[in-house]
Structures are given as structure tokens and as C-alpha cells.
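Coordinate-derived values only; no laboratory data. None of these values were measured; they are calculated from a predicted model. Note that each Cβ is placed from the backbone with ideal geometry, even for glycine, and that neighbours are counted across all protein chains shown.
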């Protein structure tokens with residue numbers, strides 16, 4: 001009898017919690033992000049994009065006539081801080097869904113808490129494959145995984161560059177490591193010999209000893225998985241050392257945001273990078289979002305911002321379909337998601353060893369005359385790719 005009473009009480013509390021959320025005037029959503037520290041550029045772009053989406057949604061009546069009340073918590077890109085933030089949001093504030101974070105290390109920490117607390121978590125920009133390979137039921141990822149980040153890049157390399165050799169440099173983070181492993185597998189499948197695969201510590205100020213080893217290999221392709229400051233410095237020091245290659249390529253992240261070009265300047269020219277989204281795509285709302293962002297912040301956003309912007313619309317879609325705003329009600333709605341956003345289609349699938357993972361096309365950008373242009377696949381191209389690229393001596 002006591003056990004039956006406990007079950008009834010548990011069900012009552014769950015329904016009551018969902019009903020309380022329905023009754024509130026606003027839907028309060030606190031989002032953890034790196035707003036200080038080395039990854040603050042990404043956090044700032046994502047914060048702005050969440051805010052833009054919230055403004056649009058609220059202007060059109062909100063979610064079930066409730067306005068989204070956004071707030072942000074600064075994790076500083078520290079996993080232990082991200083974990084503490086999310087524990088507070090779930091345990092104290094009773095937030096029924098978690099959205100956000102940027103680095104894979106932070107997302108992994110958040111995912112573990114969310115699964116433990118049986119609270120749905122929407123991953124927006126963290127790519128380590130492991131996040132959606134743990135058979136978690138409450139963790140959903142909107143952005144592609146590292147294993148697929150370089151799909152378009154390796155296709156471009158195979159069909160256009162046709163190299164025999166490659167060097168892979170990567171930072172010693174979860175994102176860098178998984179990105180390097182993915183490219184190693186892609187290179188092996190393509191018959192490209194990896195002459196050197198070496199990691200470095202993020203935030204290094206002198207890559208020249210490492211780059212001297214790279215220069216000695218005379219590799220056809222130099223592929224790097226880095227965040228923005230390291231990406232910029234690597235290319236600047238490659239230029240200083242006059243290391244020539246058939247192609248310089250980045251594995252998204254730091255290479256795919258405007259700050260890379262601003263920081264690396266002439267050294268960024270002709271560099272290609274993987275990306276998950278570009279302002280030139282014809283997804284509904286993509287151009288409008290990009291132009292609105294540019295008008296407000298004087299530069300185009302990268303895929304990190306686009307994914308954040310779209311994530312709030314995914315949350316809106318799930319909440320509007322959810323029978324209750326309980327954690328399980330929202331999880332069920334997220335699992336049934338099948339929607340189109342400015343970031344592209346979103347549908348959470350279980351395949352290839354992943355659970356609740358969105359699978360979408362990836363793209364290649366190239367820096368052409370100081371701007372990121374979409375070059376691959378060719379049907380999405382905003383400009384024709386430039387290849388072969390000139391040597392450093394041939395550049396003015």
C-alpha cells in the first residue's frame with residue numbers, strides 16, 4: 001500500500017511540476033556558455049544568436065502564449081563549472097530542459113548530469129563523437145559529430161587536390177582529439193599517408209618547433225583541428241617559416257569564424273575549412289538570420305551562432321508538441337522532432353552507433369580575398385574554389 005502511494009505521489013508531483021510550468025507567465029531558460037576565457041568569442045556569438053531567436057519568438061506570441069525569459073550562466077569553458085551550473089538549474093531551479101555549452105569537455109560534463117537527473121539536454125555545438133555514443137536517453141545533439149565534420153573536406157581533397165601525403169595537427173582537447181582521429185580514418189580510406197600526427201597544448205605561443213617537424217615532411221596537405229587563437233597563430237607561423245603545401249585545411253571550429261581571418265590576416269588566404277553551415281545556404285531563414293546578425297553586430301556569424309539560433313526554435317517546436325512540460329514529456333517530444341530550421345533539418349536518429357543524433361550535410365569554406373566563401377559541395381558554392389594555391393614566395 002505504501003509503495004502504491006509513493007508511485008501515485010511521484011506521478012502527481014511530475015504532473016504538478018509540468019502544470020506549474022504551463023501556468024507560469026514566462027518560460028525561464030538559463031543557458032550555460034563560456035562568456036569569459038579563451039572560448040568567450042564562441043560564447044558571445046551563441047548568446048547573441050539565442051537572444052535574437054528569443055526576441056523573434058516572443059514577438060510572435062512566444063511558446064503557447066508564454067514569453068521566453070532567457071538568462072546566461074558563465075562556465076568559462078570549465079567542465080566542473082558547467083556541471084555545477086547545470087546541477088543548480090535542474091535541482092534548485094527545476095528547469096525541465098538544458099540547452100547550450102560550447103566545448104566538448106563541458107558538454108560531456110553536462111550530458112552526464114542531465115542523464116543522471118533524467119532531464120533532456122540539447123547539445124548545440126559540441127562535436128566529440130562520444131557525447132551521443134553512451135546510450136543516453138535524455139541527451140540530444142543538433143550539430144553533426146566529429147566523425148562527419150570532414151565529410152565535405154575529404155571529398156574536396158580527394159576530387160580536387162588528390163594528395164598522397166598529409167600532416168595532422170590537433171589540440172589536446174576532446175574536440176581536437178576526436179577530430180584528428182576522424183581525419184586519420186578518412187585519410188586511410190582515401191589512400192592518403194599520414195606522415196605526422198601530433199597534438200599540442202591549447203594556448204601555445206610558439207608553434208615553430210612543431211612546425212619545423214611539419215616542414216621536414218613536405219606533406220601535400222596540412223590539416224589542423226584548433227580553436228581560433230591557435231588556428232590564427234598556426235597559420236601566421238606557417239607563413240613566417242614559409243612552409244608550402246598543396247593545401248592548408250582546418251577542421252571547423254577556429255578556422256570557420258570571422259575572427260580567424262581578422263587575426264591571421266594574409267596568412268588566412270586560401271585556407272579551407274570544414275563547416276556545418278554558411279550564410280550562403282538556402283535553408284529557410286538562414287539568409288535572414290545572417291543578415292540580421294550582420295546588421296546588428298557588423299559581421300556574419302559562423303555555424304556556432306546559426307546552431308544556437310536554430311536550437312531555440314527546436315525547443316519551441318518540442319514544447320508546443322509536448323503533452324506536458326515535464327522532463328519526460330519534453331524528452332518524448334524532442335525524440336519525435338522532424339523540423340526545418342535556419343541551421344538545416346533537425347531529426348534525432350539512432351544509427352551508426354549514435355543515439356538521438358541529428359545527421360546533416362557539412363560544407364567547405366575557403367578564404368578568398370579576405371572572406372569566407374562556400375566552395376564545396378559545388379551545388380552550394382558561392383564562389384569557385386581556388387586551386388592550386390600559390391606558394392608563399394608567389395604571394396604579394
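Taking the chain as the reference, fit the longest principal axis to its C-alpha atoms, fit the long axis of helix 104-116 to the helix C-alpha atoms, and give the angle between the two in degrees, 0 to 90, nearest 10.
20
Counting only DSSP beta bridges with both residues in the chain, what percent are antiparallel, rounded to the nearest 5?
35
Using a ≥ b ≥ c from the Cα gyration tensor of region 165-257 (square roots of the eigenvalues), is it rounded, prolate or oblate, where a/c under 1.5 gives rounded and otherwise the larger of a/b and b/c decides, a/b for prolate?
Numbers: a/c = 1.63, a/b = 1.10, b/c = 1.48.
The shape class here is oblate.
Would you list 99, 194 from fewest to most Cβ contacts within 10 Å?
Placing the least packed residue first, the sequence is 194, 99.
Tell me the angle of helix 228-240 to the major Cα principal axis of the chain, expressed in degrees between 0 and 90 and rounded to the nearest ten.
For helix 228-240, the angle is close to 0 degrees.
For residue 193 and residue 240, what does the FRET efficiency come to when R0 = 30 Å and r is the distance between their Cβ atoms, rounded to the nearest 0.05?
With a Förster radius of 30 Å, E is 0.65.
Sort 69-76, 173-180 by the packing proxy (mean of other Cβ within 10 Å over each peptide's residues), most packed first.
Highest mean packing first, the order is 173-180, 69-76.
Any chance you could tell me what percent of the C-alpha pair distances in region 276-366 go past 14 Å? It would help to have the intermediate numbers written out before the result.
Details: 2756 of 4095 pairs.
Counting every Cα pair in region 276-366, those more than 14 Å apart make up 67 percent.
So how tilted is helix 40-59 from the main axis of the chain? Cα-based, degrees 0 to 90, rounded to 10.
Between the helix axis and the principal axis of the chain, the angle is about 50 degrees.
Could you give the length gained on full extension between residue 55 and residue 71, defined as 0.36 nm per residue of separation minus the Cα-Cα distance, in nm?
Extra length from residue 55 to residue 71 when fully extended: 4.5 nm.
For residue 116 and residue 349 in the same chain, what is the full-extension length gain: residue separation times 0.36 nm, less their Cα-Cα distance, in nm?
81.8 nm
How long are the semi-axes of the equivalent ellipsoid of region 302-350, defined as square roots of 5 times the Cα gyration tensor eigenvalues? Whole Å, largest first.
Working: eigenvalues 84, 25, 14 Å².
Rounded to whole Å, the semi-axes are 20, 11, 8.
Suppose each label sits 7 Å from its Cα in the direction of the beta carbon; what would the residue 164-residue 217 distance come out to in nanometres?
Each label point is offset 7 Å from its Cα along the Cβ direction, giving 1.6 nm.
P(r) for the chain, please, calculated from all Cα pair distances in 10 Å bins and given in %.
The distribution over the chain is 5, 23, 32, 22, 11, 5, 1, 0, 0, given as percents.
Return the single residue from 366, 237, 357 with maximal mean-square fluctuation; model: Gaussian network over the chain, springs between Cα atoms under 10 Å.
Among 366, 237, 357, the largest mean-square fluctuation in the Gaussian network model of the chain belongs to 237.
Given the -39500 (n - 2.57) contribution per DSSP H run of 4+ residues, what per-residue ellipticity at 222 nm results for the chain, rounded to the nearest 500 deg cm²/dmol?
Taking each H run of at least 4 residues, the total per residue is -13000 deg cm²/dmol.
Classify region 135-219: rounded, prolate or oblate, from the alpha-carbon gyration tensor (a ≥ b ≥ c, eigenvalue square roots; a/c under 1.5 rounded; otherwise prolate if a/b is larger than b/c)?
oblate
Would you look at the GNM of the chain, springs on alpha carbons closer than 10 Å, and say which of 46, 224, 166 moves the most?
Top of the fluctuation ranking is 166.
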